[in-house]
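Inspection log for the structure reproduced underneath, given as structure tokens.
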Amino acid sequence: MKFDMTEELERVLSQLTEPDGARIKQATAQLKAAFKDPAVIPALCAVMRGSQKPQVRQTAAVMLRMRVMKRWKKISPEHRESLKAVVLEAFRQESEHFVRHSLSQLSAVLVKHESPERWPALLTVLNQSTKSPNPQDRQVGLLLLSKVVESNPEAFRPHYRQLLQLFDTVLQDVNNPTAMYYCILTLTTLTAYAGVAEQNLMRSLLPKLTISIKHLIKVDQDQAGEAMEILDELMESEVSPIIVPHISEIVHFCLEIGADNSLNDSIRVKALSCIASLIRLKNKAVLKQKLLSPILQMVFPVLSAAPPPGQEDLEDQEQDMDNEGDVESPKHFAAQLPQVQVCLSSENPYQKKAGVVCLAMLAEGCAGYIRRKMLPFMLRTVCHSLSDTSQPDVSNYCADVMPLLLRYLAGLNQTMTVHVSKAFYALENFMENLGAEIEPYLPTLMETMLGTLSNAENLRIKELVVSAIGAIASAAKKLLVPYFPAVIENLKGFLLDIRDEVRCLQTQSLDTLSVLARNVGKETFSPLAAECVHLGLNLTNSVDDPDLRRSTYSLFSAVSTVSPECLNPHLGSITTAIMLTMKSTEGVTAHLEEEKQFVLLDDEEDDDLNLEEEEDIEGNDRDVSEFSVENAYVDEKESACEALGEIAFNTGAAFLPFMESGFQEVFALHDFPHEDVRRASFTVMGQFCRTWHKIWKENPTQENHQVLQNTLSVVLPSLLEAVRKDRDHNVVIAALESMNGVLKACQEEALQSEAMLAEISHVIRDVFKSKTACQDVSEDEADDCQAEYEAILQEFAGEGIPLLASAVPADTFYPYLNELLPFIMNKTKSSCTVAQRSFSLGMLAEIAHSLGLVSGGRAVAGRLSSRLLPVMVSGVRDRDPEVRNNSVFGLGALAQAAGPLLTESYPMLLSLFSSLLVKESDRRVIDNICGALCRMITSNAQCVPLDQVFPALLSHLPLKKDLEENKTVFGCLAFLYNHNPSLIVNHLKAILSTASLVIRTEDLDADTRNTFLLLLRDVAQHHPQEFQGAVLSLPPKQKATLSAAVAHL
């Protein structure tokens, strides 16, 4: 090594530490040249050990660390050994903490390449320093230990027991908090790798850990908060017996920290977070040890405490409205959580707020239980809070809740924007599930909305109102038509204003315009379609904003559902804009590995690296550690992808010039870093398959068929791979849903080879067996959220089974069906949840229905009837109406599919339905009984005593809830007229009475309506006297409806 190189390097490194850009640039160029000389390693070692400037010593250590990370196999054995010796020598003699820290990091990188057994000097240094009588030496040794163990924990596995014994001693050294801190960091790393052999030693350390952290809190709260990470590691450790015996101690320790308002917020939050993790991961142990009560007793004072002056939330500074009225809180609810009752009845606004926040959390976390057991009580409590200041079942209480919401909105001071925002949020979420039930409140709602739009000056208030109008449109649909002109007139002003300060209002107006396009009806919106397309194109070209582009793409997509021909002339411009967004990397940030942030490593040698030589070093050849994507650009890319798929499907053949390039862009996003974009990609891939199938059906050329098959051969394997390997539940759900959509639309075209049938069946099986990547969680990690995702995954996977059954001959699918059925039938047991029983019986019913549609289905249905029949009959007797409903539908579908093969069971089924009709109160179940009876009649009429069954059937018509069964019912009437016309003629009054109520409504599809009207015309021609008598017996309105329907046929 040349002496002058050492001096030159020290000078150059010294320049790097100076605040002079030109000198730094010059030094960087010199370093790049020096790094081409192998002698740079010993020269840097000399600087690291001998420089008088600590900043230069640290910089030399950093340079060496990055050189080792990047060029380990290029460093000669001689220089490697020298480096290992020098770094330990430098570490022992170093007095500056920040330099020691860099030296320990260099040692950690060396340990990645040189295991402790191949570097005995390291073990000697660690052993001597960590056991030194000098407290400072122990601190330094434990710092080095924490870094090298973190770097390569597996390499230290033979030393775990020795290390744990050392930690037992260090954790008792309460006068040396820094040593305890580094000890806990090392222990945190080891926890994830510890096995059963170490669990006894680790368990004995827990009491000492909590004591050590208490002492750390007194010295350095930031270090104490970092040390508390070990509790999270212990909770998530596979060796659960470590923490379970100490749960009570840990909870009380965290409660003590969380309740101490003299501590900083970060460590108190950390303590509360630990308790939340314990409840999530070890909830049974928490309940068993009766820790819920002390947790709540500590949490409520924190939750309801007033913030220090000057630190109030904006919403807290907005004074509450006067309390008018006094509604008693539900006693049952108060018995569950006395603290909530105390908070809600308090005059203290912060305590009252705490009570309402708890109600919100309970509604989110215990929705199923509340819906089944406590919904009326919960709503009374919420209504009380509304008068003082939710989901399909909540809509049943519309008459109670909606007037309160309207009164609350009318009384709000519009300057209180936080309260107004929350009130509109509640209104939108409530209206979401109302549907036609919104009609009585529509005049008041729209008067309030339009009035506020006209009078409000605050842009945020206008934005909230415009959003609420979209929610109203989603529920009201065509009921909104009378208000449509006034809404559009208001929106126009916002849509054309491109000032930056009104951008949020403009974007929301575009979103609401899209909602209107999808809901008010084609005849109402079509006149605006072309204008909307031009508006969207102008905004795309003139405004550079990701949120606005997202909304514009959604508008194009919505217009395609109403008037696709308006898009056809502009498809080139629209697809260009959309695909530019899909290709764009704007908003995507690649986070480089640390060494890539230093320009000196971007030298020419990088191009000559042999990656194969380095692949054994984890992460050595990876420049990018992770990506992050700004939310606005994620939303834009997701919306662009979804819009492209919907536009392609709705415009069909007109989109052909853009199909190939569009599909390539969609497919390219299937491995995008952000899960929302991957989800959209898998959804739209399926949509492209359905689009090609639609194009081929409209123009059945060989070329179109080949493209369809080529697309399916790419998409289906990609979807199956996503289900198996993607770790995000929502992506997997989207892939399953997309696969189901392809199977439903493409049927046998998607299953040209039995290999694909087998692959899909096996993936469904894997989901039921929880063998996919996103289901790969330990028992301790399986919380309620995971269980909910698991149920949704299995539901979407299960929906694929009847789709497969309807797509191929029954004999072909039977071996796979036989393998899958047990997974479904196991969830029909009384011990399963209502949701599981309902889902499984619904799937069995759909499978039976599908078998009735394919060749060989009758034989397979008959073969399965001995297994399915008892399960469905048991389901008919279930206490839950949804379970009964699905079971009844299943029995009807099975009878239809099996036909004569189920003849001997007809008397039992008829008796079952007869007894159920007598006591059943749920209208949907009654409708499905009617449908099941009709299926039995059309399948095997000679086994049904029609003189008894038919009048009973007619007495429960028309259908009230399950209107899809109208097709079955009216199909049965047509069947009976063809086979037993006298039966129809004898009951003509009841039949016409039913028909007059539904014949001109949307409750019947066009084909069923026309078939039945032809039947009525035939009856009128061949049995005029009976027909006229039946018509005359109808009330005037029904008579006019029926006569008009028949006349217009």
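The values are calculated or read from the model by the stated rules, or taken from the named source; none is laboratory data. Computed from a prediction, not measured in an experiment: that's the story for all the values here. When we count neighbours, we look across all protein chains shown, and the Cβ atoms used for this are built from the backbone with ideal geometry, even at glycine. What goes into the accessible areas is simple: the full protein's heavy atoms, side chains included, and nothing from ligands, DNA or RNA. Shrake-Rupley method; radii C 1.70, N 1.55, O 1.52, S 1.80 Å.
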Next item on the list: Kindly rank 760-768, 956-964, 686-694, 1024-1032 from highest to lowest mean number of other beta carbons found within 10 Å of each residue.
Entry: 686-694, 760-768, 956-964, 1024-1032
Next item on the list: Hey, can you find the accessible area per residue of the stretch 147-288 for me, probe 1.4 Å, expressed in square angstrom?
Entry: 42
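Report in % the part of the accessible area of the stretch 396-566 that belongs to carbon and sulfur, leaving out ligands and nucleic acids; probe 1.4 Å.
Values: 3770 of 7230 Å².
Carbon and sulfur: 52 percent of the exposed surface of the stretch 396-566.
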Notebook entry, point to check: Per the Debye formula with a single identical scatterer at each Cα and no solvent contribution, what log10 I(q)/I(0) holds for the stretch 963-1048 at q = 0.11 Å⁻¹?
Noted result: -0.25
Next item on the list: Using a 1.4 angstrom probe on the protein heavy atoms only, line up ASP726, ASP220 by accessible area, largest first.
Entry: ASP220, ASP726
Next item on the list: Distance from a point 7 Å along Cα→Cβ of SER115 to each backbone N in the stretch 132-162: keep the residues under 14 Å and list them by number.
Entry: 152-160
Check: For the pair GLU229 and LYS771, how long in nm is the line joining their label points, each one 7 Å along Cα→Cβ?
Finding: 3.6
Next item on the list: Could you work out the Kirkwood radius for the stretch 652-807, taking every pair of different alpha carbons, averaging 1/r and inverting it, reported in Å?
Entry: 16.0
Margin query: Quick check for you: which residues of the stretch 138-158 have the amide N under 20 Å from the point 7 Å beyond the Cα of GLU96 toward its beta carbon?
Written below: 140-141, 143-144
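Grab the other residues whose beta carbon is less than 15 angstrom from that of HIS215, score K and R as +1, D and E as -1, and report the net. Before the final figure, lay out the partial values.
Working: positive: LYS208, LYS214, LYS218; negative: ASP173, ASP220, ASP222, GLU226, GLU256, ASP260.
My count for the surroundings of HIS215 gives -3.
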Checklist line | Percent RCO, i.e. relative contact order, over the stretch 652-807, from Cα pairs under 8 Å lying at least 6 residues apart | finding: 24
Margin query: Accessible area of the stretch 652-807 with a 1.4 Å probe: how many percent of it is carbon plus sulfur?
Written below: 47
Note to self: In whole percent, and with a 1.4 Å probe on the protein chains, what portion of the accessible area of the stretch 963-1048 is carbon and sulfur?
What the structure shows: 53
Margin query: At R0 = 56 Å, how high is the FRET efficiency between LEU406 and VAL174 if r is their beta carbon distance? Nearest 0.05 is fine.
Written below: 0.35
Item checked: Segments 826-834, 668-676, 514-522 sorted - mean Cβ within 10 Å per residue, highest first -> 514-522, 668-676, 826-834
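Please arrange LYS288, LYS744, LYS478, LYS84 by accessible surface area, largest first, computed with a 1.4 Å probe and ligands excluded.
Values: LYS288 170, LYS744 145, LYS478 105, LYS84 5 Å².
The ranking, largest first, comes out as LYS288, LYS744, LYS478, LYS84.
Is the C-alpha gyration tensor of the stretch 500-542 telling us rounded, prolate or oblate? Criteria: a/c under 1.5 is rounded; beyond that, a/b larger than b/c is prolate, otherwise oblate.
Taking the square roots of the gyration eigenvalues as a ≥ b ≥ c, the stretch 500-542 is oblate.
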Check: For ARG460, what accessible area in Å² do you get when you roll a 1.4 Å probe over the heavy atoms of the protein chains, rounding to the nearest 10?
Finding: 100
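Net charge near PRO1024: determine it from the other residues with C-beta under 12 Å of the C-beta of PRO1024, scoring Lys and Arg +1 and Asp and Glu -1. Can you show the working numbers first?
Details: positive: ARG1017; negative: ASP1018, GLU1026.
Its environment carries a net charge of -1.
Which shape class, rounded, prolate or oblate, goes with the stretch 851-945 when its Cα gyration tensor gives a ≥ b ≥ c as root eigenvalues, a/c under 1.5 marks rounded, and past that a/b bigger than b/c marks prolate?
Working: a/c = 1.87, a/b = 1.53, b/c = 1.22.
Since a/c reaches 1.5 and a/b is larger than b/c, the shape of the stretch 851-945 is classed as prolate.
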Item checked: the stretch 183-299 - convex hull of alpha carbons, volume per residue in Å³ -> 88
Next item on the list: Round to a whole angstrom and tell me the spacing of the C-alpha centers of the stretch 669-685 and the stretch 891-925.
Entry: 45
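Among LYS477/LYS961; LYS697/LYS725; LYS36/LYS73; LYS25/LYS73; LYS131/LYS208; LYS208/LYS284, which pairs are too far apart, with a Cα-Cα distance over 22 Å? Before the final figure, lay out each step's value.
Values: LYS477/LYS961 19 Å; LYS697/LYS725 34 Å; LYS36/LYS73 15 Å; LYS25/LYS73 29 Å; LYS131/LYS208 19 Å; LYS208/LYS284 25 Å.
The pairs that break the limit, which is 22 Å between Cα atoms, are LYS697/LYS725; LYS25/LYS73; LYS208/LYS284.
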Next item on the list: Indicate the gyration tensor shape class of the stretch 396-566 (rounded, prolate or oblate), computed on the Cα atoms with a ≥ b ≥ c the square roots of the eigenvalues: a/c under 1.5 is rounded; otherwise a/b larger than b/c is prolate and the rest oblate.
Entry: oblate
Next item on the list: Extending each Cα 7 Å along its Cβ direction at LYS492 and THR28, get the distance between those two points in nm, one decimal.
Entry: 5.7
Checklist line | Net +/- balance of residues flanking LYS697 in space, Cβ distance below 15 Å, scoring K and R +1, D and E -1 | finding: -1
Checklist line | Solvent exposure ordering (accessible area, 1.4 Å, most first) of SER905, SER770, SER573 | finding: SER573, SER770, SER905
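Could you compute how fast the stretch 1-84 diffuses translationally, taking Rh as the Kirkwood radius over C-alpha pairs and applying Stokes-Einstein at 25 °C with viscosity 0.890 mPa s? Give it in µm² per second.
On the way: Rh = 12.9 Å.
Roughly 191 µm²/s, to the nearest whole number.
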Check: What is the distance, in nm, between label points placed 7 Å from the Cα along the Cα-to-Cβ direction at SER293 and at ALA276?
Finding: 2.6
Next item on the list: Residues in the stretch 209-239, backbone N under 19 Å from the label point at SER262 (7 Å along the Cα-to-beta-carbon vector): list them, ranges by number please.
Entry: 211-225
Notebook entry, point to check: Can you work out the FRET efficiency for the pair ALA952 and MET825, with r the C-beta to C-beta distance and R0 = 30 Å, to the nearest 0.05?
Noted result: 0.45
Notebook entry, point to check: Want the number for VAL714 to SER914: 0.36 nm per residue separation, take away the alpha-carbon distance, what's left?
Noted result: 66.9 nm
Next item on the list: Provide the FRET efficiency to the nearest 0.05 for the GLU1026-ASP922 pair, computing r from the beta carbons and using R0 = 35 Å.
Entry: 0.50
